[in-house]
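Shown next, in structure tokens, is the structure this report addresses.
The values are calculated or read from the model by the stated rules, or taken from the named source; none is laboratory data. Just so it is clear, the model here is predicted, and its values are computed rather than measured. Note that we place each Cβ from the backbone using ideal geometry, even for glycine, and neighbour counts take in every protein chain shown. Note: areas computed on protein heavy atoms with side chains; ligands, DNA, RNA excluded. Shrake-Rupley method; radii C 1.70, N 1.55, O 1.52, S 1.80 Å.
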Amino acid sequence: MNPASHAQSLDARILRALETAPRLEIPSDFAARVARQLPPRPAAVLSPARYGYRAAGACLVVLLAFIFAFAPRATGTSVFWLSIESIFCAEFVLVAVWLAVRNAGYTFASPF
């Protein structure tokens, strides 16, 4: 036997094996078998974080502190301080109404 021809035939067989695409056969019940082997899913327990309520409550406290802090400046001195005070009061009322409506469970249909 010639070692050169043996090496060439071996190279040819390797090349043929590498160039031949394998036939993939996936059984029809493969997905069902995999799904049966999975552990059961635990029931999802979702609890609301309620970060918005906490932030709104903190805003109410801060706005109330601002209202009392700027009240002496807003008493008849200038239009600027009076407008700042009224803006703080309006924000306080809007956040308080938002909290009251959200806690009551009402939802408003958006016109958009």
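Some notes on this structure:
- Criterion violated by Ala7 - all others in (1) modelled with pLDDT of 85 or more; (2) in a helix (DSSP H, G or I) satisfied: (1)
- Any pair with Cβ under 7 angstrom, 6 or more apart, that starts in the stretch 33-61 at a residue that is closer than 15 Å to Phe92 by Cα and aliphatic (A, V, I, L, M) and ends at one that is open to solvent by less than 90 Å² (accessible area, probe 1.4 Å) and in a helix (DSSP H, G or I): Ala56/Val95; Ala56/Leu99; Leu60/Phe92; Leu60/Val95; Leu60/Ala96
Yes/no matrix, rows are residues, columns are (1) open to solvent by 100 Å² or more (accessible area, probe 1.4 Å); (2) aromatic (Phe, Trp, Tyr); (3) under 28 Å from the mean Cα position of the chain (by Cα):
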position	(1), (2), (3)
Glu19	yes, no, no
Glu25	yes, no, no
Ala31	no, no, no
Pro40	yes, no, yes
Ala49	no, no, yes
Leu60	no, no, yes
Ala69	no, no, no
Pro72	no, no, no
Cys89	no, no, no
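- Flag if Ser83 is modelled with pLDDT under 90, surrounded by 10 or more Cβ atoms within 10 Å (Cβ to Cβ) and polar (S, T, N, Q): yes
- Taking the criterion of being touching a Phe, Trp or Tyr at 6+ places or on another chain (Cβ under 8 Å) and without any contact (Cβ under 8 Å) to a residue 24 or more places away in the chain, the residues of the stretch 73-96 that qualify are Arg73, Ala74, Trp81, Ile84, Glu85.
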